[in-house]
Amino acid sequence: MITFRPYTPADESALLALNQESIESTGPLDAVRLSLLQEQGCHITVAVSDDQVVGFLMAFNEGSEYDSPNYQWFNTRFKRFSYIDRIVIGAMSRGKGTGRLFYSNLKQQAVNDGQTWLAAEINLMPPNEYSLVFHQKQGFVEVGTQSSAGKVVSLQVCELVE
């Protein structure tokens, strides 16, 4: 059984190891950057199974100081949103509905916080077909594209309904 809870400093090594497994999709993350992201208002939720961290989701609400060009794109165009910066699920926990549960949890939290939108980017170049299909099933639609750091991404939103 998978449960979700807020990140604690004791989760740092597990979170960084999971991110390293998926670095091609998520980009690098180290302890210094993780600390900076938390200072900028990052909300981190971890998925736990059998007392092990098996995944995490990082999100920022509107108005953060986060320096990501993709976050900034949404921040200049949308109000009352939660931006999903990254979601990482360990190899042994993939295909078991963990991503869907993460998004369901985040949607409820965002509605409770008064948000209207979830926002995310999905790699087009290099392509991440699995993520594109997953986000489509979650109700996301493309509202733009952007090139940055040698990647092309699809910028997508999902309207939240109470």
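The values are calculated or read from the model by the stated rules, or taken from the named source; none is laboratory data. Everything numeric in this text was worked out from a predicted model, so none of it was measured. Neighbour counts are summed over all protein chains in view; Cβ atoms, including those assigned to glycine, are modelled from backbone coordinates with ideal geometry. All accessible areas refer to the heavy atoms of the entire protein, side chains included, with ligands and DNA or RNA removed. Shrake-Rupley method; radii C 1.70, N 1.55, O 1.52, S 1.80 Å.
Points worth noting:
- Rolling a 1.4 Å probe across the protein heavy atoms gives the chain an accessible surface of 53 Å² per residue.
- Sequence-distant lysines (8 or more away, or on other chains) whose Cα lies within less than 22 Å of Lys137: Lys96, Lys107
- Taken as Cα centroids, region 71-90 and region 32-70 sit 11 Å apart, rounded to the nearest whole angstrom.
- Computed with every protein chain present, the accessible area of Asp113 is close to 80 Å² [probe 1.4 Å].
- The chain: most fluctuating residue of Gly97, Gly55, Gly150 per GNM, C-alpha cutoff 10 Å: Gly150
- At most 12 other Cβ within 10 Å, DSSP loop - trypsin sites (Lys or Arg not before Pro), region 1-96: Lys79
- Rounded to the nearest 500, the 222 nm mean residue ellipticity of the chain from helices alone is -9500 deg cm²/dmol, with -39,500 (n - 2.57) taken per DSSP H run of at least 4 residues.
- When the Cα gyration tensor is reduced to axis lengths a ≥ b ≥ c, the ratio a/c is 1.5 or higher for region 1-58, and with a/b not above b/c it is classed as oblate.
- For region 1-115, alpha-carbon Rg over 2.2 N^0.38 Å: 1.03
- Local charge for Thr26 was computed over the other residues whose Cβ lies under 10 Å away, with Lys and Arg +1 and Asp and Glu -1, and equals -2.
- All-pairs alpha carbon distance profile, region 55-156, 10 Å steps from 0, percent: 14, 49, 33, 4
- Taking 0.36 nm per residue of separation and subtracting the Cα-Cα distance, full extension of the segment from Gln38 to Asp51 would add 2.4 nm.
- Note on the chain: with a GNM built from Cα contacts shorter than 10 Å, the maximum mean-square fluctuation among Thr98, Thr45, Thr145 falls on Thr145.
- Within-13-Å neighbourhood charge of Ala17 [Cβ basis; K, R +1; D, E -1]: -4
- Sparse-neighbour loop sites [GluC sites (Glu not before Pro); region 1-93; at most 12 other C-beta within 10 Å; DSSP]: Glu65
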